[in-house]
Amino acid sequence: MALQSWKREKAATEYDTQLKEIRGQLVDQLKCLDTQVECRTQCLQDMSEFFRRKAELELEYSRGLEKLVDRFSSKIRTAKDHQGFR
């Protein structure tokens, strides 16, 4: 009877030790996953900012091109008009 009681206590102690080890591993994995989430979130925020700024620059560039085209188009029209008067 004492032997069975001792075996049960030993099994319970081993179980508790294994449970603590598993909990520790899970805590470590959770920390690792949290770090990955933070890194990926930061990466997504950086990419979002990059593409937002890129879109702003492309819009600014396209407006500049429109102005350039308008200026040269009006110069060409003016030049053609002057040629027509000669």
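The values are calculated or read from the model by the stated rules, or taken from the named source; none is laboratory data. Since we're looking at a predicted model, the values are computed, not measured. When the accessible area is computed, the model is the full protein with side chains, heavy atoms only, and any ligands, DNA or RNA have been set aside. Shrake-Rupley method; radii C 1.70, N 1.55, O 1.52, S 1.80 Å.
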Just to be sure, is Phe50 modelled with pLDDT of 95 or more and of a type in the set (Phe, Trp, Tyr)? yes
Going through the stretch 71-86 one residue at a time, which ones are open to solvent by less than 100 Å² (accessible area, probe 1.4 Å) and either of a type in the set (A, V, I, L, M) or at pLDDT 90 or above (or both)? Ser73, Ile76, Ala79
When restricted to Leu33, Leu44, Leu19, Leu3, the only residue at negative phi and open to solvent by less than 90 Å² (accessible area, probe 1.4 Å) is Leu19
Of the residues in the stretch 42-86, those that are of a type in the set (D, E, K, R) and over 21 Å from the mean Cα position of the chain (by Cα) come to Glu58, Glu60, Arg63, Glu66, Lys67, Asp70, Arg71, Lys75, Arg77, Lys80, Asp81, Arg86
